[in-house]
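What follows is a set of notes on a single structure, which appears directly below.
The values are calculated or read from the model by the stated rules, or taken from the named source; none is laboratory data. The shown structure was predicted, so the numbers you read here are calculated from the model rather than taken from an experiment. Glycine also receives a Cβ, built like all others from the backbone with ideal geometry; neighbour counts cover every protein chain displayed.
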């Protein structure tokens, strides 16, 4: 009995299944805004405004003290459309679906999934919390627990939390933690799969992805710089520095501390005892005295409802960057689910083509469009995903440097 011809809907559903199964980092981030983009014919640039949790000061005594609303917003923009091209033959379309998926779809779709994960992994550049030693592959429970500490100090909910690491860190962690008192079934799975797995050190899952980014720091001096002016305005987004190297650079994603400027718990507004880790949000080329203005997220002192630091950065305070200048370091990620959000949108189904189909599962929308090439008896086809992502609560994530 001959096989039936594979339909476009069958191919679309199978392609979406393969895509979901190959996503790693993206699988575990916040997906609640998918429905907001579930409209026919979404376009690159469609934007959703996301409201962040309000924060207020607790006051003592019987007298009422009314506070202004401190609502904050961020945006999620559908900014990326990625696709792969597949050229089907009519003979391939007569194969069994599983054979067709294994031989034709899987090699291509896995690359699409890796590309999406690599995009979302760029979220590291907006996260300041950092643990680990730059240039040293993580290999102990201490670094994972240090990352958990960062999330705890920033009042992140205990679950779900995830860690996504590159192959080197995965190998180092599995080897370095094999002697811990883990449940037998956990050790067995680690031995068989070579992966850390689930339910380890408070993480719902520790997984491995080849899409974890390598970050090349700016050429700035790691030490020797200092602030050149005090920050005096609540909500300021600029820190002026000097002495960080003649004509050198600070790169978006560089992390640094300012002496005397400590991180605070967002609920109690008390110092955590650790210097606040700022992250540069834009590239800067320093002047002849190593001077420049670094753009950072809004800063608020401990007396403010939106407090981030114990006190705003003062003048003449030492500035210390994480990592040596101009060096490349792996940026493994530890994060609560709500730190990063990802959403896909429904692409338009075009008219005047051989076939077009769209499928949605678990919020992921994927479109397949096929045309017929009469000259070569082939079926050129494109498989598209339109999506956006953003770090909406960076304080609930941490970079694990490698």
So, in the range 339-379, of the ones that are more than 22 Å from residue 105 (Cα to Cα) and touching a helix residue (DSSP H, G or I) at 6+ places or on another chain (Cβ under 6 Å), which residue ends up surrounded by the fewest Cβ atoms within 10 Å (Cβ to Cβ)?
-> 342
Looking at 319, 264, which is the one that is in contact with a strand residue (DSSP E or B) (Cβ under 7 Å, 6 or more places away or on another chain) and more than 17 Å from residue 398 (Cβ to Cβ)?
-> 319
Which condition number in (1) under 23 Å from residue 237 (Cα atoms); (2) touching a strand residue (DSSP E or B) at 6+ places or on another chain (Cβ under 8 Å) is the one that residue 331 fails?
-> (1)
How about the range 356-396: which of its residues are assigned to a loop (DSSP other than H, G, I, E, B) and over 29 Å from residue 125 (Cα atoms)?
-> 371, 372, 374, 375, 376, 377
Quickly run through the range 265-279 and pick out the residues that are outside any strand (DSSP E or B) and buried (at least 17 other Cβ atoms within 10 Å of the Cβ).
-> 266, 269, 276, 277
Filter result for residue 249 (in contact with a strand residue (DSSP E or B) (Cβ under 6 Å, 6 or more places away or on another chain), within 16 Å of residue 311 (Cα to Cα) and crowded, with 18+ Cβ neighbours inside 10 Å) = no
Any pair with Cβ under 6 angstrom, 6 or more apart, that starts in the range 1-18 at a residue that is closer than 10 Å to residue 368 by Cβ and ends at one that is at pLDDT 80 or above and exposed (fewer than 13 other Cβ atoms within 10 Å of the Cβ) = 16/361
Looking at (1) over 23 Å from the mean Cα position of the chain (by Cα); (2) closer than 30 Å to residue 201 by Cα, which is the one condition that is false for residue 236?
-> (2)
What are the residues in the range 120-133 that are assigned to a loop (DSSP other than H, G, I, E, B), crowded, with 20+ Cβ neighbours inside 10 Å and at negative phi, if any?
-> 127, 128, 129
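Within the range 374-402, can you find the residues that are more than 30 Å from the chain's Cα centre (by Cα) and touching a residue at least 40 places away in the same chain (Cβ under 8 Å)?
Matches in the range 374-402: 377, 378, 379, 380, 381.
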